[in-house]
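**Student:** Quick one: structure below, then a few questions.
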Amino acid sequence: MNQAQVARVFVELADTLVDDFDLVDFFHLLTERCVQLLDVTSAGLMLSDDRGRLQLVAATSTLTRSVELFELQVDEGPCVDCFRSGEPVVDVDLTRAHERWPEFTAAANAAGLVSTHALPMRLRHRVIGALNLFSDRRPTLGRESLELGRAMADIATIGLLNERYLREQTVLAEQLQAALDSRVVIEQAKGVLAARSASTVDEAFARLRRHARHRGTSLTAVATAVVHEGFLLDDERSTHRP
Amino acid sequence: MIAATAPDPATVPLRLVQACCRAVPVSGAALSLMTSAGGPGSLLTASDRIAAAVEELQFDLGEGPGLDAARGGSPVLVADLAGAAGHRWPVFAATAARRGVAAVFAYPLRMGSVALGVLELYRDRAGPLDDAGQAEASACAVLATTLVLQLQSALTAAGPVPLDAPEEARIALADDRAVVHQASGIVSVSAHVGVGQALVLLRGRAYAEGRALDELAADVVTGRVLLDGTGRDHHDRPRDGHGDERDFR
């Protein structure tokens, strides 16, 4: 790993935050880059759900049982400890961890792993998840990889925030446009009703409101039906009876 | 930031387009919002009457760089409206040129897949935007999108706003063209067409008579003009007593 590689990865991740952002793709890319940059064997990203339980959202799959190892940590393991304390849990020696986390350690040993590390994803004072790393060679993470790993965890957090922001903004955009559409169709409906009954647009609006109120439907829904579906108001039906 | 220090939220859109004019720089700028049908919707604000006219002209004609930018999702930069690029919208280009518009730069406002509207900049002399100008203009478009969504967010802050909300609970528009939409409804009945086609008929009639669309629409609404789609003009006729009895379905 060299400076140029690191810089390239960070630029790559930053770019994905902007164009056609997909959170799951982003997380997968991030875990893959972790394996490359941090000289580990596999990496997994866990996020906490509404009830404060960790869920695996992305993982590299170089190990056949890596997913299971990540999943096991939902209940016990360095990842949970990291999540609860908000502090990194690094350089966990998997040859000596049986007493602390028996089930998890047994599975890790079976997969040939020698060390594991967990780095918190922090958002101000809250811990929202953790970045989990495994190595089948190196017992320690090393200072440089630790620093880089913490930066990758921060980038993961930024990605999550970005996605939430985009989602909220998109909802607002849809609401805004729906309001505009509604204004247009209501004016159009006034015209349609006025023409159908040789009344003024103001009279037509009053009738539209009356119908909507009487039927308990929204003005916009009635207007849309009048304009686009040939819908007749109640007071039009009575005069159009064959 | 403009938004953070604005004492009156209603003036923020205007201050944004004014700041945009100074920053890019251009002669004038207008912000308009679009409906989901991709048709021009409404003018939110304009820095001067010519910028407002650029927007209004495109609504009247149904063609123009702003519409293309909003629908296509990419900026449409026309450095010389009188040149070859202007041939894409011949009527718009000729009419805008007569009003002193030499160049138009239209930046779409988008959020996700929603085409919210467009920021349109004009200059009174021809010439392209340099790199710095383009960067400024793009930044203004992003700012405008954020601002417009902030306005929407402020409306919903007090709770969900129903679609039928009264005037005060909606974003204030400089011109929402209500009379044109009403006229579209009326013409859809008199000419037995959909409202989309009715708007096309109105535009065609306004252009043929050299009138502003708003004016013709007002006459249609008051009954002074009747369009039945046959091309024959009917003026100053009282509206027929009975609506068409045909089943519209």
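Matching residues to (1) of a type outside the set (A, V, I, L, M); (2) within 30 Å of residue B:152 (Cβ to Cβ):
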{"site": "A:112", "(1), (2)": "yes, no"}
{"site": "A:122", "(1), (2)": "yes, no"}
{"site": "A:146", "(1), (2)": "no, no"}
{"site": "A:167", "(1), (2)": "yes, yes"}
{"site": "A:170", "(1), (2)": "yes, yes"}
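**Student:** Sort out which residues of segment A:47-61 are charged (D, E, K, R) and free of Cβ contacts under 8 Å to residues at least 12 places away in the same chain, and write them in order of number.
**Tutor:** A:49, A:50, A:51
**Student:** Which ones in segment A:90-119 are more than 23 Å from residue A:150 (Cα to Cα), hydroxyl-bearing (Ser, Thr, Tyr) and touching a helix residue (DSSP H, G or I) at 6+ places or on another chain (Cβ under 8 Å)?
**Tutor:** If the condition is that a residue be more than 23 Å from residue A:150 (Cα to Cα), hydroxyl-bearing (Ser, Thr, Tyr) and touching a helix residue (DSSP H, G or I) at 6+ places or on another chain (Cβ under 8 Å), then A:95 is the only one that fits.
**Student:** Residue under question is residue B:74, and the condition is that it be in a loop (DSSP other than H, G, I, E, B) and over 21 Å from residue A:184 (Cα atoms); does it hold?
**Tutor:** Details: in a loop (DSSP other than H, G, I, E, B): yes; over 21 Å from residue A:184 (Cα atoms): yes.
Against the criterion (in a loop (DSSP other than H, G, I, E, B) and over 21 Å from residue A:184 (Cα atoms)), residue B:74 qualifies.
**Student:** With the requirement that a residue be within 14 Å of chain A (Cβ to nearest Cβ), crowded, with 22+ Cβ neighbours inside 10 Å and not aliphatic (A, V, I, L, M), what does segment B:84-118 give you?
**Tutor:** Scanning segment B:84-118 gives B:108, B:117.
**Student:** Could you grab me the full set of residues in segment A:128-162 that are among the polar types (S, T, N, Q) and either within 14 Å of chain B (Cβ to nearest Cβ) or touching an Asp or Glu at 6+ places or on another chain (Cβ under 7 Å) (or both)? Please lay out each step first, then the result.
**Tutor:** Here is the first cut: in segment A:128-162, the ones among the polar types (S, T, N, Q) are A:132, A:135, A:140, A:145, A:157, A:162.
Correct list: A:140, A:145, A:162.
**Student:** Residue by residue through segment A:197-208, note down the ones that are more than 9 Å from chain B (Cβ to nearest Cβ) and either buried (at least 18 other Cβ atoms within 10 Å of the Cβ) or among the basic types (Lys, Arg) (or both).
**Tutor:** Within segment A:197-208, A:205, A:207, A:208 meet the criteria.
**Student:** What residue, of B:154, B:126, B:158, is in a loop (DSSP other than H, G, I, E, B), more than 8 Å from every other protein chain (Cβ to nearest Cβ), more than 24 Å from residue A:200 (Cα to Cα) and at pLDDT below 95?
**Tutor:** Working: B:154 fails: in a loop (DSSP other than H, G, I, E, B); B:126 fails: at pLDDT below 95.
One residue alone meets the criteria, B:158.
For every residue, the table says whether it meets (1) modelled with pLDDT of 90 or more; (2) touching a strand residue (DSSP E or B) at 6+ places or on another chain (Cβ under 7 Å); (3) over 18 Å from residue A:60 (Cα atoms); (4) in a helix (DSSP H, G or I).
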| site | (1), (2), (3), (4) |
| --- | --- |
| A:106 | no, no, yes, yes |
| A:112 | no, no, no, no |
| A:118 | yes, yes, no, no |
| A:127 | yes, yes, yes, no |
| A:139 | yes, yes, yes, no |
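**Student:** Another question about this same structure. Hey, does segment A:210-224 have a residue that's more than 42 Å from the chain's Cα centre (by Cα), at the interface with chain B (Cβ under 10 Å from one of its Cβ atoms) and at pLDDT 95 or above?
**Tutor:** Within segment A:210-224 (the criterion being more than 42 Å from the chain's Cα centre (by Cα), at the interface with chain B (Cβ under 10 Å from one of its Cβ atoms) and at pLDDT 95 or above), the answer is no, since none of the residues qualifies.
**Student:** Inspect segment B:29-39 for any residue being more than 14 Å from every other protein chain (Cβ to nearest Cβ) and surrounded by 23 or more Cβ atoms within 10 Å (Cβ to Cβ) and give the result as yes or no.
**Tutor:** Yes.
**Student:** Of all the residues that make up segment A:36-54, how many are over 21 Å from residue A:83 (Cβ atoms) and assigned to a helix (DSSP H, G or I)?
**Tutor:** 2
**Student:** What residue, of A:70, A:26, A:83, is in a helix (DSSP H, G or I), modelled with pLDDT under 85 and surrounded by 17 or more Cβ atoms within 10 Å (Cβ to Cβ)?
**Tutor:** Just one listed residue meets the conditions, A:70.
**Student:** Right, something else. Out of the residues in segment A:163-196 that are hydroxyl-bearing (Ser, Thr, Tyr) and surrounded by fewer than 20 Cβ atoms within 10 Å (Cβ to Cβ), state the one that is farthest from the other protein chains (Cβ to nearest Cβ).
**Tutor:** So, considering only residues that are hydroxyl-bearing (Ser, Thr, Tyr) and surrounded by fewer than 20 Cβ atoms within 10 Å (Cβ to Cβ), the one farthest from the other protein chains (Cβ to nearest Cβ) is A:165.
**Student:** Check B:44, B:121, B:81 and return the single one that is away from chain A (no Cβ under 14 Å), not β-branched (Val, Ile, Thr) and not in a loop (DSSP other than H, G, I, E, B). Steps first, answer last, please.
**Tutor:** On the way: B:44 fails: away from chain A (no Cβ under 14 Å); B:81 fails: not in a loop (DSSP other than H, G, I, E, B).
Matching residue, one of B:44, B:121, B:81: B:121.
**Student:** Cβ-Cβ under 8 Å, sequence separation 6+ or interchain: first residue in segment B:164-183 and modelled with pLDDT of 95 or more, partner among the polar types (S, T, N, Q) and in a helix (DSSP H, G or I). Which pairs?
**Tutor:** B:181/A:188; B:182/A:188
**Student:** Could you please let me know if residue A:88 is within 21 Å of residue A:154 (Cβ to Cβ) and over 24 Å from the mean Cα position of the chain (by Cα)? I'd like the intermediate steps shown before the answer.
**Tutor:** Working: within 21 Å of residue A:154 (Cβ to Cβ): yes; over 24 Å from the mean Cα position of the chain (by Cα): no.
Against the criterion (within 21 Å of residue A:154 (Cβ to Cβ) and over 24 Å from the mean Cα position of the chain (by Cα)), residue A:88 does not qualify.
The values are calculated or read from the model by the stated rules, or taken from the named source; none is laboratory data. Everything numeric in this text was worked out from a predicted model, so none of it was measured. In this analysis, Cβ positions are derived from the backbone assuming ideal geometry, glycine residues included, and neighbour counts consider all displayed protein chains.
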